[in-house]
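To start, the structure under review is shown below, and the notes come after it.
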């Protein structure tokens, strides 16, 4: 009976949204990474599904209606890009070379570590897009033959980690320039880094939002190269 | 009605992106192509910002919630995670830390260099201080 009721689309939607809202409340009261609404909602949904023996397929009957909004939301990132294009024009060389070098370096690191840990092709493809915003990472992971849900988990973890350690890193390395801070947060830890960047200042926030989109595009452009490396080594 | 019209544009560009992705020989996510199309449309004034702004910003500002179902999909992959979890932790930790550090340092170095040059040519010493040289 539980499985039958859980197959109703509203089950998945109500469960996901209510846990997200609960996470928001908890995070306001206790701002620890575990209570980041997305992290909390994913973990608790899994716990509840497992506890009641509900299959992912039943849950996804409702989940798919949330999932389908990812594409239009990604398309809407164009609005952020358009609004921040003036910031980009002012420091175009620094921003584009920073992101370009960062993405290439990131690809190299992923390939090296994947070789070191003897990951297979599937896992390397899963990890390749990990620093970009979830929507783009999902698409890239799927098109390279990675495991989409694992990519989401890795991307979320990257975002939480980046938001937590970013400011400390800037302190250690004496990165004080607000543009540099924003670009680093956005390209290294996407939307969650941007949330932190917005707290750091207006320039940081705008630059971080812009960098999410630019890094996403850079990763998409570099994806065929990533695929080549993966096929070469794995 | 306004929201419906705005969503209509977002859905139209989403579908256009998917169609283009299907037709393109290289694997590019349809959502990204849709975003590029939308950006071009805004840039060249084929559509106006007001025609998409409200619904679009609402979606991007609340994007996190959309990834719950995809993330819950993890439960179908416990097998793989069980065998490589600590390697994954190391990969994420190293790559994220190094990426943020490298990008931050690189962008700051290039900005300072270009400001130093322009300051020198203008015989100004203001930008030498380094901090907050932009704006």
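The values are calculated or read from the model by the stated rules, or taken from the named source; none is laboratory data. What you see is a predicted model; the values in this text were computed from it and never measured. A quick note on method: Cβ atoms are made from the backbone with ideal geometry, for glycine too, and the neighbour counts reach across all protein chains shown.
Given the condition assigned by TED's automatic domain parsing to the domain that holds residue A:120 and outside any helix (DSSP H, G or I), answer yes or no: does some residue in the stretch A:154-171 qualify? No, there is no match, as no residue in the stretch A:154-171 is assigned by TED's automatic domain parsing to the domain that holds residue A:120 and outside any helix (DSSP H, G or I). Candidates are the residues of the stretch A:182-201 that are modelled with pLDDT under 80 and within 10 Å of chain B (Cβ to nearest Cβ); the one that is farthest from residue A:134 (Cα to Cα) is A:195.
Of the numbered criteria (1) facing chain A (nearest Cβ under 7 Å); (2) in contact with a helix residue (DSSP H, G or I) (Cβ under 6 Å, 6 or more places away or on another chain), the one residue B:47 fails is (1). Considering only the stretch A:65-89, how many residues are assigned to a helix (DSSP H, G or I) and at the interface with another protein chain (Cβ under 7 Å from one of its Cβ atoms)? Of the residues in that region, 14 qualify. Mind checking whether some residue in the stretch A:1-13 is within 29 Å of residue A:211 (Cα to Cα) and crowded, with 19+ Cβ neighbours inside 10 Å? There is no residue in the stretch A:1-13 that is within 29 Å of residue A:211 (Cα to Cα) and crowded, with 19+ Cβ neighbours inside 10 Å.
Taking the condition over 21 Å from residue B:78 (Cβ atoms), in contact with a helix residue (DSSP H, G or I) (Cβ under 9 Å, 6 or more places away or on another chain) and in a helix (DSSP H, G or I), does residue A:10 pass? Here the answer is yes, as residue A:10 does meet what is asked.
Suppose the filter is out of contact with any strand residue (DSSP E or B) (no Cβ under 9 Å at 6 or more places or on another chain), more than 10 Å from every other protein chain (Cβ to nearest Cβ), in a helix (DSSP H, G or I) and at pLDDT 85 or above; does residue A:214 pass it? Yes, satisfied. Residues that are more than 7 Å from chain B (Cβ to nearest Cβ) and crowded, with 24+ Cβ neighbours inside 10 Å within the stretch A:151-162 comprise A:151, A:155, A:159, listed in sequence order. Elements of the type helices (runs of 4 or more DSSP H) sitting completely within the stretch B:12-125 and holding at least 2 residues that are in contact with a strand residue (DSSP E or B) (Cβ under 7 Å, 6 or more places away or on another chain) and under 30 Å from residue A:46 (Cβ atoms): there are none.
Any residue that is closer than 25 Å to residue B:62 by Cβ, out of contact with any strand residue (DSSP E or B) (no Cβ under 8 Å at 6 or more places or on another chain), more than 7 Å from every other protein chain (Cβ to nearest Cβ) and buried (at least 24 other Cβ atoms within 10 Å of the Cβ) - is there at least one of those in the stretch A:169-181? No, the conditions are met nowhere in the stretch A:169-181. When every residue of the stretch A:151-162 is checked against the conditions, at least one turns out to be free of Cβ contacts under 8 Å to residues at least 12 places away in the same chain and under 20 Å from residue A:110 (Cβ atoms).
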